[in-house]
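The values are calculated or read from the model by the stated rules, or taken from the named source; none is laboratory data. Since the structure is predicted, the reported quantities are computational estimates derived from the model, not experimental observations. Neighbour counts are summed over all protein chains in view; Cβ atoms, including those assigned to glycine, are modelled from backbone coordinates with ideal geometry.
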Amino acid sequence: MDMQFLVLVLFGFALTPQAALAADRATFERPIMMDSNGPGSELYVLDESGVLHEFLVKEDGLAEYGHIAVPSSFAAADISFLQSKTPASVLIAGTQSGRGLVMRLSIGGRVLQTWPSQNVCSGVDSGSSGNVAYVATSDSNEIYRIDTRQAQAKLVARIPDASKLGPVAFDELRQELYVADVASGQVYQYSIATKTSKVFLTHLSAPTALVFDADTGRLFIADPGQRAVFIADTRAAKPAAVLFASDPLKAPYGMTLVSEGRVAVADYNADSIFVFSGKGVLLFRYPAAR
Amino acid sequence: MPNCISTKSRRLLAACAGSLRMVPLLFLTSALNGFAQPAGPQLTFDSVNIRQEGVVSFSALDLGVDVGPQSRSGFAAPQFLVGETDDQSYRLAIDTASIQQVRFNTFTFTAYLVHGLGASPEVWRYQATGNPTGLFRDSPVRVSFHVKNGANSVSGVILMPVYNAAAGNLLGAEKQTDLAYVSVSGTTTMQIALSNVADSLPIAVTDVAASEDCPQCWARVGSMVSAQSPLVVDPGSTVTLPLSLSPSTIPALLQGALAIRSDVPHDTLSLTLTYHTLPAGMDRRQTILARVRFGPGLFGLALALLGGIALGLAAKYLLTGKLGNDGERAVHAIFSALVLGVVAEFIGIMLTAYGNSRLILFGLDIDPRQLFPAFVLAMLVSGGAAVTAWVKDLFGKKA
């Protein structure tokens with residue numbers, strides 16, 4: 001130690017601090033999934049590096065005002081903002097150490113609650129009260145109900161004909177769930193009241209995000225296989241998927257409704273967030289330079 | 001914009017309407033055609049077992065008659081992978097540019113079914129989705145497909161890539177047995193061996209990001225690899241990834257001075273490699289650890305040697321009143337100290353760097369390539385028995 005100390009004294013006076021080369025983990029990179037407080041003016045986007053970015057949705061752009069890191073051991077699959085809950089938080093469905101898990105994460109970055117599962121949790125959507133959420137599993141094709149006031153998730157249904165269930169959309173008024181089958185390109189409709197399911201939509205490629213618009217009764221479907229977003233009228237007698245937006249989408253992975261009836265789309269391959277009007281007109285993209 | 005006049009596909013018609021912002025007409029079109037059955041042949045793929053490590057199942061969405069760029073004239077390689085039915089009546093072409101891995105561990109691609117020869121064959125377009133299960137690596141596999149047109153059904157085989165996001169790390173990295181030696185003066189190139197197993201897809205490394213335990217020790221850690229000039233690791237081969245390491249001289253020397261033992265790394269670099277399989281695999285990241293020891297470089301080592309020799313001679317003169325042996329001229333004594341110091345340092349470096357020997361000085365396993373050990377070694381050699389005895393007395397240790 002004496003020799004070490006000597007060297008320190010000899011060279012210490014000449015020490016010049018160098019800039020750290022560590023990567024900035026908060027860089028916005030490859031958005032995957034998103035949700036908003038509403039549809040509202042706050043947008044939460046989880047990107048490939050596991051950072052949850054918090055944006056303010058303005059008239060002509062997005063302004064990032066914060067970010068938190070999701071625990072690195074957790075592989076997120078879907079996200080849902082919990083309305084009317086304090087502190088403000090999101091539910092994130094995914095896997096940890098090979099097992100399913102739903103995590104309630106505060107916007108401050110603290111894990112508030114967890115619901116473990118035997119199966120891979122792939123989709124999640126919650127109601128307006130913030131107490132109830134529904135979770136789909138991709139390996140057992142089941143739907144679970146989570147009550148944030150309880151510790152255990154409750155099995156609601158199994159979709160026997162499904163191949164790989166993914167995202168979920170919750171029609172709270174009619175108490176119906178829409179669940180996408182990512183592998184077979186279909187959307188199932190499940191009635192909580194009658195406990196029955198049926199194929200709601202076909203002729204999709206790989207639907208990776210669903211959003212239900214309670215105001216219009218429209219279901220938005222993001223389909224990266226067809227590089228497009230489709231809509232379907234859930235009140236129609238014979239619902240069909242109709243093109244909502246395609247250009248300039250490359251891989252629309254995530255989607256949510258934001259304020260003023262607009263639709264935000266997380267495009268993985270374009271490395272951007274696109275915001276469309278309710279009629280499918282592109283309003284702006286973030287970051288604007290890409 | 002798609003050719004709206006000649007478009008027959010319902011999807012393309014919708015695309016045209018979207019581009020013209022004819023939303024009301026779009027709903028009407030959809031309502032009229034929403035449940036019309038596509039007129040083309042039915043395309044299905046068999047599930048395929050990948051080396052007993054997993055299975056891929058497929059679904060195919062009929063997008064109707066293709067009226068794209070001159071009906072994909074010729075479906076030329078390498079953009080298209082082509083197979084054909086056993087009776088050669090249909091050709092199946094997969095557009096590799098369309099392949100993408102999407103969320104929930106699935107992948108999609110566009111396939112074209114071609115019937116007939118000549119200048120204007122019939123071409124139908126399909127959007128297929130692959131659903132992998134298990135832990136197999138991205139691989140090229142032979143997939144059976146079936147074409148059903150009315151009562152007629154034919155089969156064929158196509159060689160195509162399949163992908164699986166659930167697979168573990170795809171790159172093999174040799175475990176580092178010896179610490180990498182990095183000179184603090186200038187730039188040192190470090191080679192990292194990367195391998196890829198046989199019967200898999202080529203891997204393209206597109207980015208290398210480094211984080212360091214001692215960030216202030218480094219001026220730059222870089223690689224020439226980029227998305228524009230990736231490093232490709234072919235199946236069954238091993239390639240070396242060159243890394244340019246430029247330490248910050250003083251902080252690196254200080255970091256080295258704190259770890260005298262030759263088997264202790266001065267810093268550990270966490271190299272995060274971004275890569276994907278070819279064609280069109282998703283970006284993956286894999287972290288490789290590289291342990292390094294800093295060295296002063298030739299110039300720094302020479303300065304340390306000279307300084308050590310000078311100090312050793314000065315100490316010997318103070319202790320004994322002379323520079324050399326009895327009757328030895330001062331110039332001869334200085335020259336002898338210089339030569340012996342260099343020889344001792346050279347032998348020390350050779351034995352420790354290229355042999356299994358260790359240099360133990362005052363009970364410490366030291367590395368003579370480091371600045372301070374070289375300085376001490378030169379001082380003891382030039383100082384001779386007088387200085388060595390004085391040091392032993394001072395510290396109470398045996399060299």
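Among the listed residues A:Ser138, A:Ser106, A:Ser89, A:Ser129, identify the single one that is at pLDDT below 95 and within 14 Å of chain B (Cβ to nearest Cβ).
Numbers: A:Ser106 fails: within 14 Å of chain B (Cβ to nearest Cβ); A:Ser89 fails: within 14 Å of chain B (Cβ to nearest Cβ); A:Ser129 fails: within 14 Å of chain B (Cβ to nearest Cβ).
Within the list A:Ser138, A:Ser106, A:Ser89, A:Ser129, the selection yields A:Ser138.
Tell me which residues, restricted to the stretch A:270-290, are facing chain B (nearest Cβ under 8 Å) and more than 15 Å from A:Thr216 (Cα to Cα).
A:Val281, the sole residue that qualifies.
Please specify each residue of the stretch A:157-175 satisfying the condition of being surrounded by fewer than 19 Cβ atoms within 10 Å (Cβ to Cβ) and under 25 Å from A:Gly38 (Cβ atoms).
Within the stretch A:157-175, A:Glu172, A:Leu173, A:Arg174, A:Gln175 meet the criteria.
Name the residues in the stretch B:105-130 that are on the phi > 0 side of the Ramachandran plot and within 14 Å of chain A (Cβ to nearest Cβ), would you?
B:Asn105
If we scan the stretch B:221-237, do we find a residue that is in contact with a strand residue (DSSP E or B) (Cβ under 9 Å, 6 or more places away or on another chain), under 21 Å from B:His266 (Cα atoms), within 11 Å of chain A (Cβ to nearest Cβ) and surrounded by 18 or more Cβ atoms within 10 Å (Cβ to Cβ)?
yes
Listed residues B:Pro242, B:Pro202; which is in contact with a strand residue (DSSP E or B) (Cβ under 9 Å, 6 or more places away or on another chain), at pLDDT 95 or above and not polar (S, T, N, Q)?
Residue meeting the stated conditions: B:Pro202.
What's the number of the condition B:Leu271 fails, among (1) within 13 Å of chain A (Cβ to nearest Cβ); (2) under 16 Å from B:Leu179 (Cα atoms); (3) over 14 Å from the mean Cα position of the chain (by Cα); (4) among the hydrophobic types (A, V, I, L, M, F, W, C)?
(3)
When only residues in the stretch A:133-173 that are touching a residue at least 60 places away in the same chain (Cβ under 8 Å) and outside any strand (DSSP E or B) count, which is nearest to the chain's Cα centre (by Cα)?
Among those residues, the one meeting the criterion is A:Ser138.
The conditions are (1) closer than 30 Å to B:Leu243 by Cα; (2) at pLDDT 85 or above, and B:Ile334 fails exactly one of them. Which is it?
Condition (1) is where B:Ile334 drops out.
Going through the stretch A:248-266 one residue at a time, which ones are modelled with pLDDT under 95 and either among the β-branched types (Val, Ile, Thr) or within 19 Å of A:Ala232 (Cα to Cα) (or both)?
A:Gly261
B:Val182 is checked against (1) in contact with a helix residue (DSSP H, G or I) (Cβ under 9 Å, 6 or more places away or on another chain); (2) within 14 Å of chain A (Cβ to nearest Cβ); (3) hydrophobic (A, V, I, L, M, F, W, C); (4) surrounded by 20 or more Cβ atoms within 10 Å (Cβ to Cβ) and fails just one. What number does that condition carry?
Only one criterion is unmet by B:Val182, namely (2).
Checking B:Thr189 against (1) assigned to a strand (DSSP E or B); (2) touching a residue at least 60 places away in the same chain (Cβ under 8 Å); (3) away from every other protein chain (no Cβ under 12 Å), only one condition comes out false. Which one?
Every condition holds for B:Thr189 apart from (2).
Can you tell me which residue within the stretch B:114-143, out of those that are at pLDDT below 90, of a type outside the set (A, V, I, L, M, F, W, C) and part of a loop (DSSP other than H, G, I, E, B), is surrounded by the fewest Cβ atoms within 10 Å (Cβ to Cβ)?
Result: B:Gly118.
Quick check: is even one residue across the stretch A:256-269 more than 11 Å from every other protein chain (Cβ to nearest Cβ), more than 20 Å from A:Gly40 (Cβ to Cβ) and in contact with a strand residue (DSSP E or B) (Cβ under 6 Å, 6 or more places away or on another chain)?
Yes, the conditions are met somewhere in the stretch A:256-269.
Criterion first (farther than 30 Å from B:Asp234 by Cα, surrounded by fewer than 21 Cβ atoms within 10 Å (Cβ to Cβ) and touching a strand residue (DSSP E or B) at 6+ places or on another chain (Cβ under 9 Å)) does B:Gly156 satisfy it? Quick ask: steps written out before the conclusion?
On the way: farther than 30 Å from B:Asp234 by Cα: no; surrounded by fewer than 21 Cβ atoms within 10 Å (Cβ to Cβ): yes; touching a strand residue (DSSP E or B) at 6+ places or on another chain (Cβ under 9 Å): yes.
For B:Gly156, the condition - farther than 30 Å from B:Asp234 by Cα, surrounded by fewer than 21 Cβ atoms within 10 Å (Cβ to Cβ) and touching a strand residue (DSSP E or B) at 6+ places or on another chain (Cβ under 9 Å) - is not met.
For A:Ala237, indicate whether it is within 12 Å of another protein chain (Cβ to nearest Cβ), free of Cβ contacts under 8 Å to residues at least 24 places away in the same chain and part of a loop (DSSP other than H, G, I, E, B).
So A:Ala237 passes the test.
Among the residues in the stretch B:166-175, are any modelled with pLDDT of 95 or more and assigned to a strand (DSSP E or B)?
Looking for residues that are modelled with pLDDT of 95 or more and assigned to a strand (DSSP E or B), one finds none in the stretch B:166-175, hence no.
Within the stretch A:103-117, track down each residue that is under 13 Å from A:Phe81 (Cα atoms), in a strand (DSSP E or B) and either touching a residue at least 24 places away in the same chain (Cβ under 8 Å) or of a type in the set (Asp, Glu) (or both).
A:Met103, A:Arg104, A:Leu105, listed by residue number.
Give me the residue from the stretch B:63-113 that is of a type in the set (Ser, Thr, Tyr) and within 18 Å of B:Lys148 (Cα to Cα) and, out of that set, surrounded by the most Cβ atoms within 10 Å (Cβ to Cβ).
Selected residue: B:Tyr90.
Where the second residue is among the polar types (S, T, N, Q) and buried (at least 19 other Cβ atoms within 10 Å of the Cβ) and the first is in contact (Cβ under 8 Å) with a residue 24 or more places away in the chain and lies in the stretch A:244-266, which pairs have Cβ atoms under 6 Å and are six or more apart or on separate chains?
Qualifying pairs under 6 Å: A:Ala251/B:Gln100; A:Tyr253/A:Thr208; A:Thr256/A:Ser36; A:Val258/A:Ser36; A:Ala264/A:Thr256.
Return a yes/no flag: does the stretch B:114-122 have any residue that is closer than 30 Å to A:Gly123 by Cα and in contact (Cβ under 8 Å) with a residue 40 or more places away in the chain.
No: the stretch B:114-122 contains no residue that is closer than 30 Å to A:Gly123 by Cα and in contact (Cβ under 8 Å) with a residue 40 or more places away in the chain.
Being farther than 19 Å from B:Gln176 by Cβ and in contact with a helix residue (DSSP H, G or I) (Cβ under 8 Å, 6 or more places away or on another chain) is the filter here; which residues of the stretch B:188-218 pass it?
B:Gln216
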